[in-house]
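Colleague: The structure is given below, and queries will be raised subsequently.
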Amino acid sequence: MVSGSPREGIDLLMTSGPVEVSPRVLKALSQPTTYHYSHGFVELFDETTAKLAQVSRARSKRDVLILQGEAVLGLEASVACTVNPGDKVLVLENGPFGGGFGEYVKNAGGVPVYLRGRTDRALDVDEVRAFLELNRDAVAVTMVHCETPTGVLNPVETICRRAKELGMLTVVDVVASLGGVEFSASEWGVDISISATQKCVGAPPALALMTMSDFAWERVAAKTKPVRNSYLSLLDWRDTWLSSHRFPFTPFTNDVYALNEALSEILEEGLDACIRRHREAGRQCREGVRGLGLELWPLDEKDCSPTVTVFRVPTGRTDAEIIEAIVKAGRILISGGFGPLKGKVLRVGTMGYEARPEFVARTLGALSKALS
């Protein structure tokens, strides 16, 4: 049995996700659980899809899905439901999550072909264009908008527009960018986007948020052996919720309450204003980190994501001791490195409720004390 609170000694999360959640969203989460086919909940779920469509800049609420599981559910489903055995899929990789798409492709029997870039730079548009031209026979291309392990933001708009000209299905991980970075599913040529509740959207981890284009639905339906009667099945969602407002299985009712409230907060603030707030918080954090003599992981400022600041662990220190010192100095928790960068970098999230100047200032103050 855990003694005390799991957050004992921590007043503020400034991690790369899950992020700090607003009191308003926590209050929504704590409402009494309801029956998922009660009239009120069906209306709430429908309203939530409409709000998600606005934040994703999708065409309508019929172009979005809310899957009952963490973002990985959506990432896996996007590939499992569209890729046939033997299909060639281009995997753009300049971080762990970009490369992770290749594993989903292999699981589906497809053939991943990788373009591997540097983890400290954004994908090079000219290199990607040449790669697409060289592999015109590919059926799809996958990529990540913001790589949270590296703090790099990729130019997915330009890449997706060219891939669509070549007739490829475009699949984009927007887990750490939706709601905090400029993004338009409908205008950028994104066939499938996958996000989650626990990053810029600002709710607890629970749900995978997806947008689907008409072309994506065509590919799902045309799969040699369509995925049916499965937790991964997008067709099951299309033929239940989108067709008759039924569910393929019991949805996470309380987490939908929280998501609805989090999306309301974004829309009340104004999506453009919310994006500006994230941009300013990211700039403030990067400037503060550099002011302490620390080195950002991305080599070029223009490649930095506003939603997570990643910097190198200073020589002579360890990531664990700095994280612990920040907790002691300010009761604030930041993230260590992930994957190949574990032990090499530290990460400060500026996503959702975290992305506020007073929280960034408190974190930088605690970091300064930890370093000294």
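Colleague: Given the structure, is Val313 hydrophobic (A, V, I, L, M, F, W, C), without any contact (Cβ under 8 Å) to a residue 40 or more places away in the chain and buried (at least 18 other Cβ atoms within 10 Å of the Cβ)? First the steps, then the outcome.
Modeller: Numbers: hydrophobic (A, V, I, L, M, F, W, C): yes; without any contact (Cβ under 8 Å) to a residue 40 or more places away in the chain: yes; buried (at least 18 other Cβ atoms within 10 Å of the Cβ): yes.
Criteria met by Val313.
Colleague: For the range 133-169, enumerate the residues that are aliphatic (A, V, I, L, M), touching a residue at least 12 places away in the same chain (Cβ under 8 Å) and part of a helix (DSSP H, G or I). Outline the logic, then answer.
Modeller: Restricting attention to the range 133-169, the residues satisfying the condition of being aliphatic (A, V, I, L, M) are 134, 138-141, 143-144, 152-153, 156, 159, 163, 166, 168-169.
Next cut, touching a residue at least 12 places away in the same chain (Cβ under 8 Å) only: 138-141, 143-144, 152-153, 156, 159, 163, 166, 168-169.
Residues satisfying the conditions are Val156, Ile159, Ala163.
Colleague: Let me ask something else. Going through the range 280-308 one residue at a time, which ones are in contact with a Leu (Cβ under 7 Å, 6 or more places away or on another chain) and among the polar types (S, T, N, Q)?
Modeller: Ser305 - this is the single residue of the range 280-308 that is in contact with a Leu (Cβ under 7 Å, 6 or more places away or on another chain) and among the polar types (S, T, N, Q).
Colleague: Looking at Leu232, Leu263, which one is modelled with pLDDT of 95 or more, assigned to a helix (DSSP H, G or I), farther than 30 Å from Ser368 by Cβ and out of contact with any His (no Cβ under 9 Å at 6 or more places or on another chain)?
Modeller: So the residue among Leu232, Leu263 that is modelled with pLDDT of 95 or more, assigned to a helix (DSSP H, G or I), farther than 30 Å from Ser368 by Cβ and out of contact with any His (no Cβ under 9 Å at 6 or more places or on another chain) is Leu263.
Colleague: Under the condition of being closer than 19 Å to Ser22 by Cα and without any contact (Cβ under 8 Å) to a residue 24 or more places away in the chain, which residue from the range 252-293 is surrounded by the fewest Cβ atoms within 10 Å (Cβ to Cβ)?
Modeller: This residue is Glu268.
Colleague: Within the group Ala130, Ala216, Ala185, which residue is in a loop (DSSP other than H, G, I, E, B), in the same structural domain as Leu115 (by TED's automatic domain parsing) and aliphatic (A, V, I, L, M)?
Modeller: Ala185
Colleague: Quick one: Ala262 ticks every box in (1) small (Gly, Ala, Ser); (2) closer than 20 Å to Gln198 by Cβ; (3) outside the structural domain of Gly95 (by TED's automatic domain parsing) except a single one, so which number is it?
Modeller: (3)
Colleague: Separate question: Those residues that are farther than 27 Å from Gly99 by Cα and part of a loop (DSSP other than H, G, I, E, B), I need them from the range 319-342; list them, please.
Modeller: Arg331
Colleague: Follow-up question, since we're still on this one. State the number of residues belonging to the range 294-310 that are surrounded by fewer than 21 Cβ atoms within 10 Å (Cβ to Cβ) and within 17 Å of Ser335 (Cα to Cα).
Modeller: Step one: of the range 294-310, the residues surrounded by fewer than 21 Cβ atoms within 10 Å (Cβ to Cβ) are 294-296, 299-302.
Now drop any that are not within 17 Å of Ser335 (Cα to Cα), which leaves 294-296.
Of the residues in the range 294-310, 3 are surrounded by fewer than 21 Cβ atoms within 10 Å (Cβ to Cβ) and within 17 Å of Ser335 (Cα to Cα).
The values are calculated or read from the model by the stated rules, or taken from the named source; none is laboratory data. Everything quoted here is computed from the prediction, not taken from an experiment. Heads up, the Cβs are rebuilt from the backbone with ideal geometry, glycines too, and the neighbour counts pull from every protein chain shown.
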